[in-house]
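Colleague: Dumping the structure here so I can ask a few things about it.
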Amino acid sequence: MTRYLKVALMGSGYAGKSTLIRLLTDETTKLKTNYTPTAGMDCGTITLDSSTKVTLVEMGGQTHFEFMWPDLLKGSKMVVVVTESTPKAVLRTRQLLQKYRNELEGVQVMAIANKQDLPGSMKPGSVQDLLGIPTYGMVAIDPKQRLHGYKLLVSGLRDMCEVAA
Ligand SMILES: Nc1nc2c(ncn2[C@@H]2O[C@H](COP(=O)(O)OP(=O)(O)O)[C@@H](O)[C@H]2O)c(=O)[nH]1
Ligand SMILES: [Mg+2]
């Protein structure tokens, strides 16, 4: 029987959540798109092995969809917080983490410091210092980063659920 692990992607609008889902679900042709805000939620599925699939659930980042977040977080094995890497965006992400700290209690949380290709980006280590959770750099529009993203996801899940790599 196939088991489905739910991973929620959280973060402000424009952070790169939809792009990351496309990167990880192999839709490279759609990587460089114009920005289309996600209405409410979006999802994609990754097959990890013959018996395990991961459903990535994007929580639409615009404030008028935030009312759905507590429900979208329910049952998540892990939450990936995606942030742009400008100081302003990282501080906004820190506020989001504080606001949802009750819902996130006991859940494995990691951060992706996305858009590392843009000049003036904060390094993942500095982002981690501000957010207080394990943070990894990413360029979600770069197909060459797929394996990196996939490994981050698998290692996070393995810690949590003993998923084979
Ligand atoms: N330069 C750059 N742009 C990115 C990166 N990741 C996403 N984007 C762009 O940022 C915009 C917002 O991305 P999207 O995935 O829709 O953000 P979401 O609102 O968090 O789902 C889109 O125009 C993407 O092409 C990245 O790593 N570098
Ligand atoms: Mg989106």
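Colleague: Rg and Dmax of the chain, Cα atoms, in Å?
Modeller: Here Rg and the maximum Cα pair distance are 14.6, 47 Å.
Colleague: Go ahead and collect, in residue order, the members of the stretch 105-130 whose backbone nitrogen is under 19 Å from a label point 7 Å along the Cα-Cβ direction of Asn34.
Modeller: None, by backbone N distance to the label point.
Colleague: Collect residues whose amide H, placed 1.01 Å from N in the peptide plane, falls under 5 Å from the amide H of Asp42; neighbours closer than 5 in sequence don't count.
Modeller: For Asp42, whose amide H was placed from the backbone, the distant partners under 5 Å are Glu58, Gly60.
Colleague: For the chain: lysine pairs with Cα atoms under 12 Å, gap of 8 or more or different chains, count? Kindly include the intermediate steps, with their values, before the conclusion.
Modeller: Numbers: Lys6/Lys53; Lys6/Lys74; Lys6/Lys77; Lys17/Lys115; Lys115/Lys123.
Lysine pairs satisfying the spacing and distance rule in the chain number 5.
Colleague: Do you know the relative contact order of the chain, to the nearest whole percent, from alpha carbon pairs under 8 angstrom that are 6+ apart?
Modeller: In percent, rounded to a whole number, it is 25.
Colleague: Per-residue ellipticity at 222 nm for the chain, helices alone: DSSP H runs ≥ 4 residues times -39500 (n - 2.57), over residue total, nearest 500 deg cm²/dmol?
Modeller: Details: 6 runs with 54 residues, N = 165.
Taking each H run of at least 4 residues, the total per residue is -9000 deg cm²/dmol.
Colleague: To the nearest 20 debye, what is the magnitude of the charge dipole of the stretch 15-165 about its Cα centre, counting +1 on the Cβ of each Lys and Arg and -1 on the Cβ of each Asp and Glu?
Modeller: Numbers: 18 positive and 15 negative charges, 62 e Å.
Dipole about the Cα centre, nearest 20: 300 debye.
Values in this text are rule-based calculations from the coordinates and carry no lab data. Quantities reported herein were computed from a predicted structural model and do not represent experimental measurements. No Cβ is skipped: glycine too gets one built from the backbone with ideal geometry, and neighbour counts run over all protein chains shown.
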